[in-house]
Amino acid sequence: MNNHQEEQSINPNPLPNADVEKRKEEQQKRNEWLKEKMELRRKQQIQFIMTQTNYDECEATQKLETCNNDVMKVVGEYLGIGVKKDENEKKTKNQKIYSVIRDIMDSGSRNYMIQQERAKKMEEIKKVIEMKKRTEQTERTERTNQTEQTERTNQTEQTEQTEQTEQNCNKNIKIMKDKID
């Protein structure tokens, strides 16, 4: 076997050395380009932090590193605003599903309790209204009875007075007749 055949048996997809070198150079250029982009992005982040806070460049860089390159966290800390943690961030899909189901069940239970309390209050209000109606009816009946009693008493007194007047008249007539006779 010659040298070329030996290389093919060792490496089934041989590339000429020039292609390998070219690929390495391209990869190196890509890596440099990415580093430049990342450095530019970091400078922009630091500049943003400096415009939103009173931090200097050194302090902004330190804060950015302590906050795991989270610009919003750095500015939030400066302003005294706590960054809201997403509760569902570290949950599995199953845990998220059960959390939603639990929330729905809790709200349903709360709504049911509220409805029960409202129904109970409505019953109490109805009872109070009914008792008030009964009390008013009783008062009206008592007033009517008193009025009727008063009217009866007045009629009786009038009748007695009329009878008394008649008797007096009859006596007077009798006395007058006796005098005439």
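Structure remark: mean-square fluctuation, Gaussian network model of the chain, C-alpha springs under 10 Å; the largest value among E65, E21, E36 belongs to E21. How far apart, in nanometres, would the label points at N69 and R30 be if each is projected 7 angstrom from Cα along the Cα-to-Cβ direction? It is 1.8 nm.
Given the options C58, L79, M176, identify the residue whose Cα lies farthest towards the positive end of the charge dipole of the chain (+1 on Cβ of Lys, Arg; -1 on Cβ of Asp, Glu). Most positive-ward Cα: M176.
Label-to-label distance for T156 and D106 is 7.5 nm, based on points extended 7 Å past Cα in the beta-carbon direction. Putting +1 on Lys and Arg Cβ atoms and -1 on Asp and Glu Cβ atoms, find which of N145, L40, T159 reaches farthest to the positive end of the dipole of the chain. Final value for the positive-end residue is T159.
Averaging the sequence gap over all C-alpha pairs within less than 8 Å and six or more residues apart, then dividing by the number of residues, gives the chain a relative contact order of 7 percent. For the listed residue pairs K96/K121; K37/K63; K37/K73, the alpha carbons are over 26 angstrom apart in K96/K121.
Charge tally around E32: other residues with Cβ under 13 Å, Lys/Arg +1 each, Asp/Glu -1 each, net +1. Ordering 44-53, 171-180, 95-104 by mean Cβ neighbour count within 10 Å, with the highest value first, yields 44-53, 95-104, 171-180.
Quick one: grab the alpha carbon gyration tensor of the chain, order the square roots of its eigenvalues as a ≥ b ≥ c, and give me rounded if a/c is under 1.5, else prolate or oblate depending on whether a/b is larger than b/c. Prolate is the answer for the chain, as a/c is 1.5 or above and a/b outweighs b/c.
Just so you know, all these numbers are worked out from the coordinates, no wet-lab data involved. Keep in mind that this is a model prediction, so the values were computed, not measured. For neighbour counting, all protein chains shown are included, and Cβ atoms are generated from backbone atoms with ideal geometry for every residue, glycine included.
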